[in-house]
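Student: Quick one: this structure, given as structure tokens, is what I'll be asking you about.
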Amino acid sequence: MAIEPYRPNDAQYRDDFDRELDKKLDRLFYRWQWKLFRFVRTLIFIAIGIWLATNLLPPVFETVLSGNLGPMILQFIPVAIYLFFFIGFQFFLMYYFMARTRIYWVKPGETGISFKDYRGNPEVLEAARRVVTLLKGAKEFKKMGGEVTRGILLIGPPGTGKSYLAQAISTEAGVPFGYLSAPSLQSAWMGMGNIKVMNLYRKARRFAREYGACIIFIDEIDAIGGARSTSLMGTGAAGMDGNAAGGLHRVVMGIGGMMGGGSGILNELLLQMDPPPQDSWWGKLLRTLRLRSGKPDMPPVLTMAATNLAETLDAALLRPGRFDRKIAVEPPDADGRREVIEYYLSKVKHEPMPIDRMVSDTIGYTPVAIKYCINEATIHAHFDGRAAINYWDFTRARETHEWGLRQPIRSMSYEERRRIAYHEAGHAYAMVKLLKKERLTKVTIVRHGTALGFAAWKPEEEIHTRTKDELLDRIKISLASRAAEELFLGIQMSGVTSDLQGATGLAAMMVGAYGMDESFFSYLTFGMQGLNAPDIKPRIEAILQEQYRQVKSLLENNPEAVIAIAEALILRNELTDIDVKEILDRVEAEHPFTPISARRERAAFGFAAATRAQSSGALVRRRREARPVVLPAPGTIILDAEQRRDENMGDA
């Protein structure tokens, strides 16, 4: 079990002055052995310099200037200065700027981020505590015969807090922290990338000797750590067999930019992460003088890296001894999101908030996304003249984050708005009636980003698997817009592009990947290109046609509800889930819901009812004047007038 880091108790201080004095004393005696050694070493160098300046330099100058070499040396000095500044200095500057790694070094405590600031993923936090415990007690752990972790690979999507976790580890361990981006190690000149890596680890080991350990964090390591060949793809991180069929077709080769040579940087990184035993210059001097023997004590340098493409990394980079631990940092679950929301809400002034609703609204959100939404809600409340945020501020910030900025097109014609309204009403009604684990959140005909309108839903809880019926319902929802256009407008619009694309993609995965079409053959064995096989298209089309027929029947059986939603959209532009529920409750009180499998005659609704009543009255009057026509039963022989007269005469 990990050991909690020591946190001072503020109750032991009498006042702020006592607290500040204690901090200064702690800072003064922190690493006092290393500070004393560095102070004594500096005094020795100064003493040697003073001795050389007072005892050796005067005789040398006197000898040089008094002899025949004096004029020659004076003539050579300007030439040497010229060569240094115009030739040597240029190469020095080129080397200095091109071989210098763009890295940010942070000393212990400068980040201000600790484990108490990392929320939402307790299992990852516990693994980080163990790493800190090993870094703090490296000597004791080595006495047991163990080796300190050399590398940790953080795998997860952007925004899950990978670099945030690395900073917290460095703060808790009290060691320096170096942050850099992997592309900064690349260079336009051959060999410069290798020099950057060597200089980086040389400085890290120097810090490790001073502070006891050091952490290097490399972000987006897949930029330099890609597989050097198809046989070296690091599928170990993804839990796959590198020789499995289909694995070789999805390899991103690790090539470098321009003349830099990405594989050369990777080779140097592999060497520096697992180097042979080597000593410092002081240790080498002692070994030369036969004053030290045994294995050199390598200072612990922990290499942490982050990526969301672990399957493309080189296998040599992922083996034990380099990246010993691989930690998947995923978006938090419901409990984790609750913890993150409460943490960031505690930093701002807010009114009573529905935490359960906010947890449901943020399913799939990363901690960074939640922080962003709360900060945007604070901005909105500030410009609205309020000192505290409420739930609607958060909702507006979340909608802007998900769907883009609200930009209504004020010059849009009524006909265009009506078309979009019925398009989105089809989506909305299908969502309400077909979704089992999700809820409709908003339907709008106001432009957000590039979308002229949309109907959006949110899951009620985390959903990790899907059944066949649920996928078919998703296809119905996508095709409901086209069904509404044909039923209520009598047209076909171009706005179904993304709807058809999504429905086709789901149907293709059902047929070619999920085994939901009476076949277990997986086209993904040949990569994503396998879904382009010619025999798969008719099967996909059959699924799409059947789901379109069913959702069209659903809308055709319940036209009053769709019309009510569309007309409300035309009037109000936007509807929430509460608005749609009120509309459906009012409509279904008079016109009960009819499912897809049933169909019955429905009474007219609204203006159409009055129109139909007038037309039906006129029809009744006409039917009174005319003689009703009775159709014969099937199989009856119909005789014309001549045949019927002949038969009557025969009977007479």
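The values are calculated or read from the model by the stated rules, or taken from the named source; none is laboratory data. Owing to the predicted nature of the structure, the values given are computational and were not obtained by experimental measurement. Cβ placement follows ideal geometry from the backbone for every residue including glycine, while neighbour counts extend to all protein chains displayed. Note: accessible area is taken over every heavy atom of the protein model, side chains too, but ligands, DNA and RNA are not part of it. Shrake-Rupley method; radii C 1.70, N 1.55, O 1.52, S 1.80 Å.
Student: Amide H of residue 151 versus every other amide H placed in the peptide plane: which residues, excluding those fewer than 5 positions away on the same chain, fall under 5 Å?
Tutor: Result for residue 151 returns 303, 324, 325.
Student: While we're here: Please report, in whole Å, how far the alpha carbons of segment 180-221 spread along each principal axis, starting with the longest.
Tutor: 35, 20, 9
Student: Assign unit charges at the C-beta atoms only (+1 for Lys and Arg, -1 for Asp and Glu), then state the dipole size of segment 478-572 relative to its Cα centre in Debye, rounded to the nearest 20.
Tutor: My answer is approximately 160 debye.
Student: For all pairs of alpha-carbon atoms in segment 478-603, what percent lies in each bin of width 5 Å, listed from the first bin to the last filled one?
Tutor: 2, 10, 15, 17, 16, 13, 10, 8, 7, 3, 0
Student: Kindly report, to the nearest 10 Å², the accessible surface of residue 274 as traced by a 1.4 Å probe over protein heavy atoms only.
Tutor: Result for residue 274: roughly 50 Å² accessible.
Student: If I model a spin label at residue 383 and residue 467 as a point 7 Å from the Cα along the Cα→Cβ vector, what separation in nanometres do I get?
Tutor: Placing both labels 7 Å beyond Cα along the Cβ direction yields 4.6 nm.
Student: Within the set of other residues whose C-beta is less than 13 Å from the C-beta of residue 517, count the net charge using Lys and Arg as +1 and Asp and Glu as -1.
Tutor: -1
Student: Assign one of three labels to segment 154-201, namely rounded, prolate or oblate, based on the Cα gyration tensor with a ≥ b ≥ c the square roots of its eigenvalues; rounded applies when a/c is under 1.5, prolate when it is not and a/b is larger than b/c, and oblate otherwise.
Tutor: Because a/c hits 1.5 or more and a/b fails to exceed b/c, segment 154-201 counts as oblate.
Student: Further, regarding this structure: So how much accessible area does residue 526 have, in Å² to the nearest 10, using a 1.4 Å probe?
Tutor: 130
Student: Let me ask something else about it. Taking the C-alpha atoms of segment 286-364, how large are the radius of gyration and the largest Cα-Cα span, Dmax, in Å?
Tutor: Considering segment 286-364 through its Cα atoms, Rg and Dmax are 23.5, 73 Å.
Student: Also, I was wondering about something else. Could you give the length gained by full extension between residue 48 and residue 593, i.e. 0.36 nm per residue of separation minus their alpha carbon distance, to one decimal place?
Tutor: 186.5 nm
Student: Sticking to Cα atoms, compute the Rg of segment 454-539 to one decimal and its Dmax as the biggest Cα-Cα distance, whole number, in Å.
Tutor: Computed over the Cα atoms of segment 454-539, radius of gyration and Dmax are 15.0, 44 Å.
Student: Determine by what factor the alpha-carbon radius of gyration of segment 321-474 differs from 2.2 N^0.38 Å, reporting the quotient.
Tutor: Cα Rg divided by the expected 2.2 N^0.38 Å: 1.24.
Student: Need one value: the accessible area of residue 335 in square angstrom, 1.4 angstrom probe, rounded to the nearest 10.
Tutor: Surface open to solvent at residue 335 totals about 110 Å².
Student: Would you work out which of 536, 492, 508 lies farthest towards the positive end of the dipole of segment 421-566, given +1 charges on the beta-carbon of Lys and Arg and -1 on that of Asp and Glu, about the Cα centre?
Tutor: My answer, from the dipole projection, is 492.
Student: Then there's this: Using all C-alpha to C-alpha distances in segment 353-420, build P(r) with 5 Å bins and read off the rounded percent in each one.
Tutor: So the P(r) values, bin by bin, are 3, 15, 23, 19, 13, 9, 10, 8, 1.
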